[in-house]
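The values are calculated or read from the model by the stated rules, or taken from the named source; none is laboratory data. Keep in mind that what you see is a predicted model, and the values were worked out from it rather than measured. When we count neighbours, we look across all protein chains shown, and the Cβ atoms used for this are built from the backbone with ideal geometry, even at glycine. To get the accessible areas, we keep the full protein, side chains included, count just its heavy atoms, and leave off ligands, DNA and RNA. Shrake-Rupley method; radii C 1.70, N 1.55, O 1.52, S 1.80 Å.
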Amino acid sequence: MGIKSFQGRRTMTTVKPSEPILVSDYMTKNLITFKENQPIEDVIETLIKNRISGGPVVNSNNELIGIISEGDCMKQISESRYYNLPIDQNNTVQKAMVKEVETIDGNMNIFDAANKFLESKRRRFPIVENGKLVGQISQKDILKAALKMKGNSWK
């Protein structure tokens, strides 16, 4: 007597190609932004209140002109303490912000974006379209995307 298979009839399963998951699907669109003439103390208060580590600096036309982080603010505090002076009220975002800002394309695949984060050692990338700031993606957003895709194809 032969061996019987109890698996039942086998059918071909078709794997449908998954759509690439884009940065624009996971970027934050409602951003906390800063103005270049804002005092550093205001920035520090905003960062603490909103539990964020930095944010984009925009002009009146919502064009990205820089980015400011906790580290930039700490540098200002450190310099004022070095000279044993209170934080200068004239210390503005313009003096502390990084003006050379690396951006990322909203149409980039989320895995390519993850690789860009690893290569650059940045925490966030602004997304600019037609010269205007439209969003920002952070490392945490990439992690959220990966968790949502759990069980899906990693293509």
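What to note about this one:
- Scanning region 123-138 for residues that are touching a helix residue (DSSP H, G or I) at 6+ places or on another chain (Cβ under 8 Å) and open to solvent by 80 Å² or more (accessible area, probe 1.4 Å) gives a single hit, ARG123.
- Region 110-127 - residue that is among the aliphatic types (A, V, I, L, M) and part of a helix (DSSP H, G or I) and, of those, nearest to ASP25 (Cα to Cα): ILE110
- Scanning region 41-54 for residues that are touching a residue at least 24 places away in the same chain (Cβ under 8 Å) and either within 20 Å of the chain's Cα centre (by Cα) or closer than 13 Å to ILE67 by Cα (or both) yields VAL43, ILE44, LEU47, SER53, GLY54.
- Residue match in region 7-26 (condition: loosely packed, with under 15 Cβ neighbours inside 10 Å and either at pLDDT 90 or above or closer than 17 Å to GLN136 by Cα (or both)): yes
- Put simply, of LYS116, LYS155 the only residue that is modelled with pLDDT of 90 or more and of a type in the set (Lys, Arg) is LYS116.
- Scanning region 128-148 for residues that are assigned to a strand (DSSP E or B) and touching a Lys or Arg at 6+ places or on another chain (Cβ under 9 Å) returns VAL134, GLY135, GLN136, ILE137, SER138.
- Residues within region 76-109 that are at pLDDT below 90 and either part of a loop (DSSP other than H, G, I, E, B) or more than 19 Å from LEU64 (Cα to Cα) (or both), tallied: 16
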